[in-house]
Amino acid sequence: MPQVDTHCPYCALQCGMTLDGSRVAPRDFPVNAGGLCQKGWTSGSLLTSPRRLTTPMIRVDGALEPVSWDFALDFVARKLTELQERHGPDAVAIFGGGGLTNEKAYLLGKFARVALGTSQIDYNGRFCMSSAAAAGTKAFGADRGMPFPVTDLKNADVVLLAGANPAETMPPFTQHLRGADLIVVDPRRTPTAELASLHLAPAPGTDLALALGILHAVVEGGHLAQSYVDARTNGFEDAWRIAASWWPERAERVTGVSAADMRLAAAKLANARNVYILTARGAEQHATGTATVGGWINLALALGLPGRAGSGYGCLTGQGNGQGGREHGQKADQLPGYRKLDDPAAREYVAGVWGVDPDSLPGPGRSTSELLEALGQEDGPKALMVFGSNVVVSAPRSQRVQDRLSALDFLVVADFVLSETAALADVVLPVTQWAEEDGTLTNLEGRVLLRRKAIDPPPGVRSDLDVLNGLARRLGRPGFPADAETVFEELRIASKGGIADYSGVSYQRLRDGEALHWPVPENDHPGTPRMFLESFAHPDGRARFVPVEHTGPAELPDDEFPLQATTGRVLQQYQSGAQTRLIKELNDVVPEAFVEVHPDTAKRAGLEEGDPARIRSRRGETIAKVRFVQSLRPDLVFLPFHFPGEQRANLFTNPALDPVSRMPEFKVCAVSLSTVDGAA
Ligand SMILES: Nc1nc2c(c(=O)[nH]1)N[C@H]1C(S)=C(S)[C@@H](COP(=O)(O)OP(=O)(O)OC[C@H]3O[C@@H](n4cnc5c(=O)[nH]c(N)nc54)[C@H](O)[C@@H]3O)O[C@H]1N2
Ligand SMILES: Nc1nc2c(c(=O)[nH]1)N[C@H]1C(S)=C(S)[C@@H](COP(=O)(O)OP(=O)(O)OC[C@H]3O[C@@H](n4cnc5c(=O)[nH]c(N)nc54)[C@H](O)[C@@H]3O)O[C@H]1N2
Ligand code: SF4
Ligand SMILES: [Mo]
């Protein structure tokens, strides 16, 4: 095949790249402007890796044995039917991922509701940005992570990043921040914080107090954008009633950030012209994540940023299709086009597109964490099909999740590598990778992209769409096309009139290189790079301040667990590591788990640099090698979550859920630190 212009398989920046066979070269695309991170550069190697799966497998006497596709799909269809006949339609559950293309996410949602008739479908986006999505929907009436193109940031005077480490998680993104005065809010002195003129290091889980303190300082300094607040928002008074009692000195006692730094941040934000506030997982992955993001949005609204040209608020979505993946129905409560499953008009419309009776569509199902906990229980699903997630490593309290998976009657995993989750499956289905198939993704700025096929897949693998098509046929359900463009044509119609309206997007327009940010409601509509300039998406066109109060982490340190732990990412590994741990150039750099510790804290625990340490919480314990970090708060340790087995950070993380988004508290819990043979 000739050279093909396409996009990276990994994160939501969706850098443009050119593939020549499996050889990668960067390409000049607005988000990356010719740059790629190490993961992008090395992404081609998994296409030819001997570790990739090329034949379906079924567990026989405890071991996975190769079988033909027909045998595997017949077997899966028969088992699913049997279990549904015995226990009802909800006996089968589906688990999707934010890395799946729009077509896959859409077809998976349809497959669950129409082919299986189950309400039990959710996906890993609940682990990722659902708190920002919930807060954005509350405040603005619609959730598009960044309602403006990334390149707008080039003209920013000041950017505040709360809980984001793009220097490691989206390196080419940082070039857009070069002209700005950067304020970074992160308990750790990250490579991103190194780029900042002001680094605020709150105790983990105290961002909301910090945001309230800065809001207080803005108002106290006479910088409230009064005319914007009057003209474009509702609810300031209710939000202020709470913020009024968060004078910076009080917030300092909770966060550890000095009142002077809060006032300095407020002044920087208020005195500049083009200002952005951006949040990511550090602010969001908390049991109070929705409220915390609400706090940062309130600050943005008080400064008059959202919906003003040259300024704004945005959330940095994470996975390749983190944005599109949350719009087209793989979520428990959702129908395509960001419609609600419990909205009668939405049900009627989408059922019409699918050619089924609206009453036949199940209602909302369990959210991710609740779904995983219900697996194999008396009233829970007996079978699970996983597409695009490795929950054994990435879900909180992962040993419990592994036990729940083992309690199932039937586990099916579609993947191209034998992830830790696939290794537990009764049936493993080997699927095509990004460069072997066409598909659209919606990047972090809401731009719909065509990720093109660049090489032929090895013999023996099929696409996820093919798998769904084959299973639906066996279940007696036609109407599940296996061709990506055909699926997209259906998605266009199903999304028409929804918040995320893709009806004017076509493969042809994308092939022509048009920049189409949703909504794109007509065939000749130019797309909507900047949302909210005229009005917000609430019926009255106004944004909402949401009254939010700081309550803090679900679990605080005590005598037994005196430290706090937070978790996140390193540049060279991606997510559960299922892919990047197989790439030598990446894995050689960070081959195993480590724990960042302040040297004094380590020494108190009898640990030296490089020693294996035990990190223990009320849920479990992890083993990781000590890394001294002089700049770290002495009361904090940090671990990446990319590693399997006893190195899983998620053995100790707190599954406490946000009440609105149902997102777990990955970013803070109480732990103890000891030598591996110590009692802690
Ligand atoms: N290399 C790499 N890049 C990735 C990924 C990957 O796995 N590896 N994954 C992709 C995905 S899916 C996502 S979601 C994004 C995530 O991108 P980011 O959100 O940038 O990454 P994280 O490391 O999860 O968290 C960011 C920071 O939050 C800080 N933090 C922890 N607790 C708090 C807190 O209470 N408040 C504040 N303000 N900060 C806190 C951590 O110290 C960390 O530096 O990255 C994407 N890009
Ligand atoms: N402690 C802690 N835990 C976390 C986080 C944290 O910050 N701290 N972050 C959370 C976040 S933000 C996220 S997004 C999750 C991510 O964690 P996971 O949901 O586990 O995501 P991945 O590791 O990307 O797993 C994707 C799997 O699907 C496969 N795959 C990739 N593309 C496709 C495809 O198109 N089809 C199919 N069938 N398979 C595919 C990959 O090979 C891999 O095995 O982890 C969460 N877990
Ligand atoms: S920043 Fe993200 S999209 Fe860009 S090359 Fe790296 S992993 Fe790929
Ligand atoms: Mo994520």
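The values are calculated or read from the model by the stated rules, or taken from the named source; none is laboratory data. What you see is a predicted model, and the numbers here were worked out from it, not measured in a lab. Reconstructed Cβ throughout: ideal geometry from the backbone, glycine too, with neighbour counts over all protein chains shown. When the accessible area is computed, the model is the full protein with side chains, heavy atoms only, and any ligands, DNA or RNA have been set aside. Shrake-Rupley method; radii C 1.70, N 1.55, O 1.52, S 1.80 Å.
Tabulated data for the structure shown
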| read-out | value |
| --- | --- |
| Total residues in the range 624-651, condition surrounded by fewer than 19 Cβ atoms within 10 Å (Cβ to Cβ) and not in a loop (DSSP other than H, G, I, E, B) | 5 |
| Extreme residue, farthest from the chain's Cα centre (by Cα), among residues of the range 628-661 that are under 22 Å from residue 562 (Cβ atoms) and of a type in the set (Gly, Ala, Ser) | 631 |
| Meets criteria (open to solvent by less than 10 Å² (accessible area, probe 1.4 Å), modelled with pLDDT of 95 or more and part of a helix (DSSP H, G or I)) for residue 269 | yes |
| Condition met for residue 591 (of a type outside the set (D, E, K, R), touching an Asp or Glu at 6+ places or on another chain (Cβ under 9 Å) and more than 10 Å from ligand 2 (Cβ to nearest atom)) | no |
| Extreme residue, farthest from residue 140 (Cα to Cα), among residues of the range 215-238 that are part of a helix (DSSP H, G or I) and touching a Lys or Arg at 6+ places or on another chain (Cβ under 9 Å) | 220 |
| Strands (runs of 3 or more DSSP E) wholly inside the range 388-481 containing at least 2 residues that are within 13 Å of ligand 2 (Cβ to nearest atom), within 29 Å of residue 640 (Cβ to Cβ) and over 21 Å from the mean Cα position of the chain (by Cα) | 427-430 |
| Unique match (being away from ligand 2 (no atom under 16 Å from the Cβ) and not polar (S, T, N, Q)) among 244, 283 | 244 |
| Tally, over the range 564-619, of residues that are open to solvent by 20 Å² or more (accessible area, probe 1.4 Å), within 16 Å of ligand 1 (Cβ to nearest atom) and under 20 Å from residue 655 (Cβ atoms) | 2 |
| Subset of the range 272-328 [part of a loop (DSSP other than H, G, I, E, B), more than 16 Å from ligand 4 (Cβ to nearest atom), in the same structural domain as residue 225 (by TED's automatic domain parsing) and under 17 Å from the mean Cα position of the chain (by Cα)] | 287, 288 |
| Members of the range 252-266 found to be buried (at least 20 other Cβ atoms within 10 Å of the Cβ) and out of contact with any Pro (no Cβ under 9 Å at 6 or more places or on another chain), listed by number | 265 |
| Selection count where residues are open to solvent by less than 40 Å² (accessible area, probe 1.4 Å) and in a helix (DSSP H, G or I), scope the range 373-387 | 1 |
| Residue list for the range 91-136, filter: within 11 Å of ligand 2 (Cβ to nearest atom), closer than 25 Å to residue 496 by Cβ, in contact with a Gly (Cβ under 6 Å, 6 or more places away or on another chain) and in a helix (DSSP H, G or I) | 103, 105, 108, 125 |
| Leading residue by the ranking (surrounded by the most Cβ atoms within 10 Å (Cβ to Cβ)) among those in the range 1-51 that are of a type in the set (Val, Ile, Thr) and within 14 Å of ligand 3 (Cβ to nearest atom) | 31 |
| Subset of the range 202-237 (residues that are open to solvent by 30 Å² or more (accessible area, probe 1.4 Å) and among the acidic types (Asp, Glu)) | 220, 230, 237 |
| Top-ranked residue of the range 146-173 - restricted to ones that are closer than 29 Å to residue 252 by Cβ and in a helix (DSSP H, G or I), ranked as least open to solvent (accessible area, probe 1.4 Å) | 166 |
